[in-house]
Amino acid sequence: MRVYLLITILFCYGLSEAQYLDRTTVDFGKVEYWNNPIAEFTFTNTSTTEMVFLPTAYQRDIRVYVENKNLQPGESTTILVQYYTEFYGKFSETVTLYFGAMQEPVQLTLKGNIKSFDPAALTVCPTMEPSSKPNKPIAKHEIEVVDAETGKPIYSFDVKVSTRNNTYRELDESVSHDIQNFSPDLYYINIESPGYLEYDETLYINSRNSKTVIRLKKDESEPILVYEPVEEDPIPVQPEPELDTVPRVIADVPVIPEPEPPIDTAVVLPPVPQTELVDGQLNDALFKYNHMVFLIDVSSSMARDEKLALLKYSMYQMIEVLRPEDKVTIITYASDVNILVSAISGGDKAKLREVILGLEAKGQSHGSEGIEMAYDIALSQFIPGGNNEIILASDGRFNSAGFSEKKLYRHIARNYRREDIRFSAIGFGSQSGALDFMKGLAENGEGQFIHLLDENTAETVLIENVMKHSRKNEGF
């Protein structure tokens, strides 16, 4: 029994040593324009038995690819490890791999210091393939055009698609159009086809669908053909009979007016209910005027998981209900803070749409500076008796120099008490620390915390927020 146990221990020990790795750590060093590089390791089976690669535990930011999962004695395989992140600075990530019949797992480490991101790093889906096959972006999104009544394809049309980069593409004599290098966003689409009404809309297109179907309605205002009458022989006119020349006397019949019903002074008609929207805009009788200061995080991480695209879609819906007396300010922050529009009228919807469509994510997250600028504009354009509100949209904390959460909380609470400027926050993602930070900002500013998760939430949540905070006589 003791001999058997000793043999077993020696056998397992031999297996644990019966493998060779060319290296266990890849240090990328300081990296400019990080684009999810792949670390390659070579694993060789130096034992006398077959080795099988076992599934690894799920890690959100680590992806592993093994070229050959069954290794005979003497065979080698390439192991690819990719670290997919949205954060700057130093990192050290370890992944643990298991092979059947091996007593100890294999641990591989990736290290580095990310100084900046490539523009495509957070918008291109990573692929786990050998380095000879580079990452490929999402290829395309198809736009198909059909008849609204019959659903049959329309084969002749002109289409113009505009993205935030103002790139237009045209096509004719085809049933569909492909958006190349597609990424989730708002897209302005214009389609013309003979016999149909022009289609002119801005759509939010997400990554969950590969096709968008556009239904064109028939143009009922086609010109009516006018035919010239055929000349025929004239019909002879018959002479009219002579009128009776004998006068007839018609007696006057007095008209007796009907008595008016008595007025019942005790009947009080109920008031006519007022609707929240009048001609698609906020009802002046129910809602105070607003100055909405949007402070938008456009750092690189906001390009991931459709965060910025969802925000743009939500803002696009909100501006439709604003009145000319409402005002909108849009400030972006990343490596720098920029004022895109300041206190522009809610009636200038074309300008607001243009600015929203142009939002693009890149850079770091210097939000503290943006908050100071937002308060400056909110105070200078303050609407007495109105709803003056700053709305921060971000997916995390700030990395400004000297940033302190507690100081920022006190600053926001003080501005609400003294200046009556509300502070709300829109949060993205699932990082609990970042979401708690955003909730704390909204609570101290007597505003609302909005966790923007999907298209259904985005469609109405900002409209509801405006109505809640600007409603008259509701104690908000």
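The values are calculated or read from the model by the stated rules, or taken from the named source; none is laboratory data. Predicted, not measured: the structure shown is a model, and the values here were computed from it. Ideal geometry is used to build each Cβ from the backbone, glycine not excepted, and the neighbour counts take in all protein chains shown.
Are there any helices (runs of 4 or more DSSP H) wholly within the range 326-421 with 1 or more residues that are closer than 21 Å to SER470 by Cβ and of a type in the set (S, T, N, Q), and if so which? Talk me through it step by step, then tell me what you get.
Values: elements: 349-357, 367-380, 405-419.
Where helices (runs of 4 or more DSSP H) fall fully within the range 326-421 and carry at least 1 residues being closer than 21 Å to SER470 by Cβ and of a type in the set (S, T, N, Q), they are 367-380, 405-419.
Rundown of residues vs (1) assigned by TED's automatic domain parsing to the domain that holds LEU286; (2) under 21 Å from SER342 (Cα atoms); (3) in contact with a strand residue (DSSP E or B) (Cβ under 6 Å, 6 or more places away or on another chain); (4) among the hydrophobic types (A, V, I, L, M, F, W, C), yes/no style:
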site	(1), (2), (3), (4)
ILE391	yes, yes, yes, yes
SER404	yes, no, no, no
ILE421	yes, yes, yes, yes
SER432	yes, no, no, no
PHE437	yes, no, no, yes
GLN448	yes, no, yes, no
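What single numbered condition from (1) assigned to a helix (DSSP H, G or I); (2) within 17 Å of the chain's Cα centre (by Cα); (3) free of Cβ contacts under 8 Å to residues at least 24 places away in the same chain fails to hold for LYS439?
Against the list (1) assigned to a helix (DSSP H, G or I); (2) within 17 Å of the chain's Cα centre (by Cα); (3) free of Cβ contacts under 8 Å to residues at least 24 places away in the same chain, LYS439 comes up short only on (2).
Restricting attention to the range 320-330, which residues are hydrophobic (A, V, I, L, M, F, W, C) and buried (at least 23 other Cβ atoms within 10 Å of the Cβ)? Even if it seems obvious, please write down each step before you answer.
Looking only at the range 320-330, we keep the residues that are hydrophobic (A, V, I, L, M, F, W, C), and these are 321-322, 328, 330.
LEU322, VAL328 - these are the residues of the range 320-330 that are hydrophobic (A, V, I, L, M, F, W, C) and buried (at least 23 other Cβ atoms within 10 Å of the Cβ).
Please pick out the residue among ILE356, ILE339, ILE383 that is touching a Lys or Arg at 6+ places or on another chain (Cβ under 9 Å), within 20 Å of LYS312 (Cα to Cα) and among the β-branched types (Val, Ile, Thr).
ILE356
Return the pairs, sorted by first residue and then second, in which the second residue is part of a loop (DSSP other than H, G, I, E, B) and surrounded by 18 or more Cβ atoms within 10 Å (Cβ to Cβ), the first residue lies in the range 69-90 and is free of Cβ contacts under 8 Å to residues at least 40 places away in the same chain and outside the structural domain of PHE41 (by TED's automatic domain parsing), the beta carbons are less than 9 Å apart, and the residues are 6+ apart or on different chains.
Here the result reads none, with nothing in the range 69-90 linked to a residue that is part of a loop (DSSP other than H, G, I, E, B) and surrounded by 18 or more Cβ atoms within 10 Å (Cβ to Cβ).
Which one of GLU40, GLU50 is modelled with pLDDT of 80 or more, among the acidic types (Asp, Glu) and more than 18 Å from LEU108 (Cβ to Cβ)? Outline the logic, then answer.
Details: GLU40 fails: more than 18 Å from LEU108 (Cβ to Cβ).
None of the other options fit; the residue is GLU50.
Does THR49 satisfy being surrounded by 13 or more Cβ atoms within 10 Å (Cβ to Cβ), under 13 Å from VAL81 (Cα atoms), in the same structural domain as LEU110 (by TED's automatic domain parsing) and over 32 Å from the mean Cα position of the chain (by Cα)? Walk me through it before giving the result.
Details: surrounded by 13 or more Cβ atoms within 10 Å (Cβ to Cβ): yes; under 13 Å from VAL81 (Cα atoms): no; in the same structural domain as LEU110 (by TED's automatic domain parsing): yes; over 32 Å from the mean Cα position of the chain (by Cα): yes.
Taking the combined requirement at face value, the residue does not satisfy it.
Has the range 87-99 got any residue that is modelled with pLDDT of 80 or more, among the aliphatic types (A, V, I, L, M) and outside any loop (DSSP other than H, G, I, E, B)?
Yes: the range 87-99 contains one or more residues that are modelled with pLDDT of 80 or more, among the aliphatic types (A, V, I, L, M) and outside any loop (DSSP other than H, G, I, E, B).
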